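The values are calculated or read from the model by the stated rules, or taken from the named source; none is laboratory data. This one's a predicted model, so the numbers in the text were calculated from it and none came from an experiment. Note that we place each Cβ from the backbone using ideal geometry, even for glycine, and neighbour counts take in every protein chain shown. Heads up: the accessible areas ignore ligands, DNA and RNA and are worked out on the full protein's heavy atoms, side chains in. Shrake-Rupley method; radii C 1.70, N 1.55, O 1.52, S 1.80 Å.
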Amino acid sequence: MDVNEVLLPGVGLRYEFTNADGRRIGVIARRTGDFELVDYPKSDPDEGRPLFRLTAQEADTVAEILGAPRIAERFADLTREVPGLSAGQITVPGESPFAGGSLGQSRARTRTGASIVAVVRGETVIASPAPSEVIEAGDVLVVIGTHEGIAAVREIFRG
């Protein structure tokens, strides 16, 4: 899909694309951090009709909701393409020695060779978590590695 980027002096950037239904859609990223979604009627392609506005926080939430399934799909595709590579999900139990501690404190990648590539916390997805990311009981860790490496990460977080 082609996305055109247009500078709006004093306002921000507008991203435009044509959806599968043939409608031209615009996303205006304002300098204030807010976003506005617009569409352009076929009768006047220069007239952007506002659909709705999102605060920066609302836009982040929508991006997480839309992005979470795509992350899972991409990992599934990757594991099919690379022999010996698997993806797993591990729920951090309440009694885990690392619940309340940072991801780096677990030393999971160093100890197992498997990588924690995302943390799912309720409706929030933390992609590529930093070692300083605090892990909470109930978090779901998305792990990429060998079957053995994923099993070893599971044991680390069980304690």
Charge-dipole axis of the chain as Lys and Arg at +1 and Asp and Glu at -1 on Cβ define it, positive-most pick from Thr146, Ile90, Ile126: Thr146
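So for the chain, averaging the separation of alpha carbon pairs under 8 Å that are six or more residues apart and normalising by length, what relative contact order in percent results?
On the way: 283 pairs, mean separation 26.9, N = 159.
It comes to 17 percent, rounded to a whole number.
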Highest average packing first - 52-58, 100-106, Cβ atoms within 10 Å: 100-106, 52-58
Per residue, in Å², the accessible surface of the chain once ligands and nucleic acids are set aside, probe 1.4 Å: 62
